[in-house]
Structure formats: structure tokens, C-alpha cells
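The next block holds one structure in the form of C-alpha cells; read it before the comments.
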Amino acid sequence: MKEQALSYKSWNWATIPHERIADGVDRQMIHGQALMICRLTFAPGTITTAHDHVNEQMTIVERGRVRFVLGSQEREFGPGDVLLFPSGFWHGATMLEEEVVLVDIFSPIRRDFLAAIDPSAEPPLQAGR
């Protein structure tokens with residue numbers, strides 16, 4: 001049996017371009033075949049409208065305080081907190097008094113994010129509803 005050559009990739013956030021995706025929101029993105037990580041920097045008071053998607057998502061609060069909509073509840077989180085949103089889970093966030101940095105990890109990758117920077121990217125996955 002022939003061994004397949006495997007290799008790794010590495011990045012540093014300082015080298016990843018920032019993309020302004022909305023007023024008060026900058027995003028950096030890295031992705032592989034099935035996993036995507038985004039680092040988002042939010043101005044104080046920024047609101048991300050509650051939504052859901054087919055992608056499973058983990059969010060790490062790197063800096064600042066955030067009030068998350070979690071289904072029908074709201075709860076505050078801060079640096080070091082990690083949240084898991086299953087596929088189809090209703091969520092949103094309000095950044096509180098200071099700049100907030102969130103790290104979002106998605107599986108599968110968010111093709112809609114890629115399409116925003118490359119229109120030839122594959123279309124996003126659709127929810128089975």
C-alpha cells in the first residue's frame with residue numbers, strides 16, 4: 001500500500017487580511033476542506049442579528065463582554081468563555097461597552113462567507129427545513 005503524503009499548514013493572525021464586512025465589524029478567515037475559523041473584531045455596541053445556519057459553530061470570546069441570544073434566552077459571556085451552537089440553533093449577539101474579539105469555528109465551512117469574497121465559490125449549504 002502506498003502512503004499518501006500529508007502535510008500541515010500554519011498561519012499567524014497578524015498575517016491574515018482584515019475584511020470589513022459591516023459597520024463596526026472586521027473579519028479574518030482561514031479554512032481547510034471541512035473546517036473554518038474566523039476571527040471577528042466588533043466595535044462596542046455592535047449587534048449581530050439573531051439567525052441560524054446548518055453549520056455547527058463554536059465561539060470563543062477572546063476579548064470583551066458579549067450578551068448572546070441563545071434560543072429564547074439571553075446570557076452574558078466574557079474572555080475565555082466557549083460556546084457551542086448546534087446546526088440550526090438560533091443565536092445572535094450584542095457587544096457591550098468595549099471592543100470585542102470573537103473566534104468562530106465552523107464545520108462544514110461557511111461557503112456563504114467564501115462567496116462574499118469569491119463569487120465563483122460553491123453555493124452555501126441549505127438548511128433541511
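Every number in this text was worked out from the coordinates using simple rules, so none of it is lab data. Remember, it's a predicted structure, so these values are computed and weren't measured experimentally. Counting neighbours? That spans all protein chains shown, and the Cβs are built from the backbone with ideal geometry, glycine included.
Numerical summary
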item	result
At q = 0.11, 0.14, 0.17, 0.21 Å⁻¹, base-10 log of I(q)/I(0) for the stretch 27-117 (Debye sum, equal scatterers on each alpha carbon)	-0.28, -0.46, -0.69, -1.06
Separation of the residue 34 and residue 116 label points, Cα + 7 Å toward Cβ, nm	2.5
Around residue 100: net Lys/Arg minus Asp/Glu count, Cβ-Cβ under 10 Å	-2
Ordering of 50-61, 11-22 by packing [mean C-beta count within 10 Å, highest first]	50-61, 11-22
Net charge of neighbours whose Cβ lies under 11 Å from the Cβ of residue 18, counting Lys and Arg as +1 and Asp and Glu as -1	+1
Relative contact order (percent, whole number), the chain, Cα cutoff 8 Å, 6+ residue spacing	27
Among 65-78, 25-38, 93-106, the order from most to least packed when residues are scored by Cβ within 10 Å on average	93-106, 25-38, 65-78
Virtual paramagnetic centre 7 Å along Cα→Cβ of residue 25, amide N under 14 Å, in the stretch 44-62	44-53
Lys, Arg +1 and Asp, Glu -1 on Cβ, resulting dipole of the chain about Cα centre, debye, nearest 20	280
